[in-house]
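Below: the structure, in structure tokens.
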Amino acid sequence: MIGRQSILKNVDKEEISIEIISYKIAGFKYRQPIIVIDNTDKVTVEYKENNSINIPKITFLYRVISNSDTQEQIIIGLDVVNVYLMHLSVNGNLKDTSTYSRAFIHYFSFLAAINQEWNDMSFIQSQRPTYMFKNHLEAMYRSTDPESNLAGSTVKSYMRSIVNFYRFYVSKKYPFINPPFENKVVKLNLPSPSSSMNSNTTIEVQSSDLRPNVPAQKAGVILHKLRSVNKHEWDLLDKILRVDRKILKNSNGYLYSGSLPLEFSYIFLIMRYTGLRRAEVLTLNSSLIFKPNIEQLKRGYVSITVGPKFGVDTKNDKEREIEFPTGLMDKVYEYLLSERFIKRRNKFLNLNQSGDQKRIPIFLNNRGTIYSKESANARWSEIRQSIVKKLNYEFTHKMHNLRATYGVFRLFSLLDAGMKQSDALVFVQTKMGHEKLATTLEYLKQTEGAKSADELSEIALNHLFDIHDKAIK
């Protein structure tokens, strides 16, 4: 499973949760079906054996409807999406559909939230789901909330995927009452070849009126740059994560004090000390956690490999080796032996009897299902609110900045230990899975002005998790 979004609705006073999830299937062959009707009108399906197509991976979408009162779950395939994804793989020769999958998760979660059907094309253009989604994406691009803000490139990618999806169904003569969008022609002026007498060549490109109003990214500019949490900010955050685990919650506009679930303390600590992304840490499974031996504890860290082969949803499905502090590893191992986790694990196994019984997610809610990214976002917002209200500090960091914090502090500790700058950059780039060194270079700029290696050391972390000093209970 590589992605999910959840929507809560009240139906007859029962809490109904609708989740759009994706499930990835790797390495299978597609055979064209042939429908045969015999003399008795019996219908059978046969397959062309000599005309199979190898599909390296494909991502299908499902709608999961859960009732928290009855603990019942209904899983329904989003066939309208899955047919299109199959078309992209079989006819479009697309090797990986996960990019489209992410767009569709976002789109159909949005439709569920506004109680709208994908094919409900109103006479009023602004009330059609495609135009509402365009406005929604533009609002997310402009949002000042770090957790809901989307990069311009992401907004354009999502909208382009949705337009192509509807173009497919228009080409199949799907009976939309009104068109999902209006086509228009965009003229582009391009330099003419050197052999041409004209200075410019004009070409016409088919487009739509659903192009998001998002400025183009300038070459060489990294938008929405990640910021590292500084020493003082980390002390404030660390107090909440590992000392008191008390946060401010919001209920009908009123704030009240509540407890931060233990699982989220570990989720945020792992992001901070390993550089894992949110989706990566949420899909960590118990097979990667073990009891560190004495030598490993003395060394201060262990290396583990993450990627789809190990059940972890890494970006672009790339496998990489990460550092995991042994003090933190030891605490997570203890958690896996706790009665709290065992109860959740058993519920998970009951819900997934046909799945992989060895790769059990570490972070499960009390229903035995994996935490969604929305749950993580909500807890992070409560933590941020607690720092602002209780500690009177303007804490504006988004959750993903925990990953940047690992990168900046780890880079500083390597440079302070005497490692060559080029080697340190490559080391951090590899551990964090950055495709471009330019991203890691942004972290280098943030190491300037750091005070001492004692404050920023990233390897000797055992003291941070000593059971006599700020231990998580």
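The values are calculated or read from the model by the stated rules, or taken from the named source; none is laboratory data. Note that the coordinates shown come from a computational prediction; the quantities given were computed from them, not determined experimentally. Ideal geometry is used to build each Cβ from the backbone, glycine not excepted, and the neighbour counts take in all protein chains shown. When the accessible area is computed, the model is the full protein with side chains, heavy atoms only, and any ligands, DNA or RNA have been set aside. Shrake-Rupley method; radii C 1.70, N 1.55, O 1.52, S 1.80 Å.
Miscellaneous remarks
- Sulfur and carbon atoms: percent of accessible area, region 283-395 [1.4 Å]: 47 percent
- The 3J(HN,Hα) values that the Karplus relation (6.51, -1.76, 1.60; θ = phi - 60°) gives for region 51-57 are, in residue order, 10, 7, 10, 6, 10, x, 6 Hz. Gly and Pro appear as x.
- Probe 1.4 Å - accessible area at GLU319, Å² to nearest ten: 100 Å²
- Under-5 Å amide H pairs with GLY77, H placed in peptide plane, nonlocal only: ARG63
- Residue separation of ALA279 and ASN67 scaled by 0.36 nm, minus their Cα-Cα distance, works out to 73.9 nm of gained length.
- The C-alpha radius of gyration of region 349-397, expressed as a fraction of 2.2 N^0.38 Å, stands at 1.69.
- Couplings 3J(HN,Hα) of region 270-285, computed from phi: 5, 4, 5, 9, 10, x, 5, 6, 4, 4, 6, 6, 5, 9, 4, 10 Hz, in residue order, whole Hz [Karplus 6.51 cos²θ - 1.76 cosθ + 1.60, θ = phi - 60°; x for Gly and Pro].
- Here's how it looks for LYS57: its modeled amide H is under 5 Å from those of GLY27, which are all 5 or more places away or on a different chain.
- Extension gain, ILE35-HIS87: 0.36 nm per intervening residue step, less the Cα-Cα distance, totals 16.8 nm.
- Gain on full extension, evaluated as 0.36 nm per residue between ASN135 and ASN178 minus their Cα-Cα distance, stands at 13.6 nm.
- Note on PHE28/SER303: beta-carbon distance plugged into 1/(1 + (r/R0)^6) with R0 of 25 Å gives a FRET efficiency of 0.20.
- Accessible-area order (highest first, 1.4 angstrom probe) of the listed residues GLU442, GLU117: GLU117, GLU442
- Shape category assigned to region 27-101 from the gyration tensor of Cα positions, a/c cut at 1.5: oblate
- Rounded to the nearest 10 Å², the accessible area of MET86 at probe 1.4 Å: 40 Å²
- Rounded to the nearest Hz, the phi-derived 3J(HN,Hα) couplings of region 408-422 under the Karplus curve 6.51 cos²θ - 1.76 cosθ + 1.60 (θ = phi - 60°) are 5, 5, 5, 5, 4, 5, 5, 5, 5, 7, x, 5, 4, 4, 5, where x marks glycine and proline.
- Accessible area ranking (1.4 Å probe, heavy atoms, ligands and nucleic acids excluded), largest first, for VAL45, VAL281, VAL90: VAL45, VAL90, VAL281.
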